[in-house]
Amino acid sequence: MQKLILLLSFLTATATAGENQIVLKDRPGKNQVVAQCAMCHSLDYITLHATILDRAGWEKTVGKMINIMGAPINDADKQIIIDYLAQNYGK
């Protein structure tokens, strides 16, 4: 049992080795972004695209995640997510 715990601890530690913890701005909408976006991809996608996407770009990106990639985001959360991204990570 101890060997199993040790092995699982090692695998967990190596699975995140070299990855920086992404901390998003603590503003209204952050919880929806973390809950909805991080279920499919790393949150660094947001910070990496902040300098190139404006509001229209974030609207298109979130729409693609819902319509093409199948993200289960309802209309209310979609608006909150777009507002958060555009206000905090838009150019």
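Tell me which residues, restricted to the stretch 71-91, are within 15 Å of the chain's Cα centre (by Cα) and over 22 Å from Asp26 (Cβ atoms).
Those that are within 15 Å of the chain's Cα centre (by Cα) and over 22 Å from Asp26 (Cβ atoms): Ala71, Pro72.
Can you name the condition, by its number, that Ser42 falls short on among (1) more than 14 Å from Ile22 (Cα to Cα); (2) among the polar types (S, T, N, Q); (3) at pLDDT below 95; (4) within 14 Å of the chain's Cα centre (by Cα)?
(1)
So is Gly18 on the phi > 0 side of the Ramachandran plot and modelled with pLDDT under 95 or not?
On the way: on the phi > 0 side of the Ramachandran plot: yes; modelled with pLDDT under 95: yes.
Considered against the rule, which asks whether it is on the phi > 0 side of the Ramachandran plot and modelled with pLDDT under 95, Gly18 comes out as yes.
The values are calculated or read from the model by the stated rules, or taken from the named source; none is laboratory data. These figures come from a predicted structure and were not determined experimentally. We place every Cβ from the backbone using ideal geometry, glycine too, and count neighbours over all the protein chains shown.
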